[in-house]
Amino acid sequence: MTKNESPLKISESVREGVCVISIDGRLDAQTTEGAQSIFSEAAKTHPRILLDCANTTFLSSSGLRAIVMTHRAAGDSGGRIAVYVPRPEILATIHISGIQKMIAIHPKIEDAIAALKA
């Protein structure tokens, strides 16, 4: 990583009426505050949010907290979220935390979008 290169890139798009937030890189203590700000703003304006972790390379406890806070913010606005996680190492972190008991986690993006549209 070069000196000016960020360890996290976040992009937002809309797919089939669902706000898709792609998380590319490390969601950790260094990057979570900025990410959480983006997630919270999306939760205010989009009733259905998909956090796309296909290119997430690391997920720390602060990253997990950001996901949970996004879930709560979406719920407060009458919306909901799902998380797309195809990477086994990121999925393992999520399962260790137990957040899959409150937030829908999907290994296929199509399933996540379908669940949010239902």
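Structure notes:
- Checked against the criterion of being small (Gly, Ala, Ser), at pLDDT below 95 and within 12 Å of the chain's Cα centre (by Cα), the candidates Ala43, Ala54 yield just one match: Ala43.
- Filtered residue count, the stretch 34-67, keeping only those that are closer than 23 Å to Val14 by Cα and either exposed (fewer than 14 other Cβ atoms within 10 Å of the Cβ) or not hydrophobic (A, V, I, L, M, F, W, C) (or both): 16
- Pairing residues of the stretch 102-118 that are more than 9 Å from Ile81 (Cα to Cα) with residues that are part of a loop (DSSP other than H, G, I, E, B), at Cβ distances under 6 Å and at least 6 apart in sequence or on separate chains, gives Ile105/Val85; Pro107/Pro86; Ile113/Glu16.
- Considering the stretch 68-96, and only residues there that are hydroxyl-bearing (Ser, Thr, Tyr) and buried (at least 17 other Cβ atoms within 10 Å of the Cβ), the residue that is farthest from Leu50 (Cα to Cα) turns out to be Thr93.
- Residue that is surrounded by the fewest Cβ atoms within 10 Å (Cβ to Cβ), among those in the stretch 13-33 that are closer than 22 Å to Pro107 by Cβ and charged (D, E, K, R): Glu16
- Tallying residues that are touching an Asp or Glu at 6+ places or on another chain (Cβ under 8 Å) and polar (S, T, N, Q) within the stretch 12-56 yields 3.
- Any hit, the stretch 61-80, residues being touching a strand residue (DSSP E or B) at 6+ places or on another chain (Cβ under 6 Å) and among the charged types (D, E, K, R): no
- Among the numbered conditions (1) under 12 Å from the mean Cα position of the chain (by Cα); (2) under 20 Å from Ala118 (Cα atoms); (3) among the hydrophobic types (A, V, I, L, M, F, W, C), the only one that Ala35 does not meet is (2).
The values are calculated or read from the model by the stated rules, or taken from the named source; none is laboratory data. Everything numeric in this text was worked out from a predicted model, so none of it was measured. Methodologically, a virtual Cβ is constructed for each residue, glycine included, from the backbone with ideal geometry; neighbour enumeration extends over all protein chains shown.
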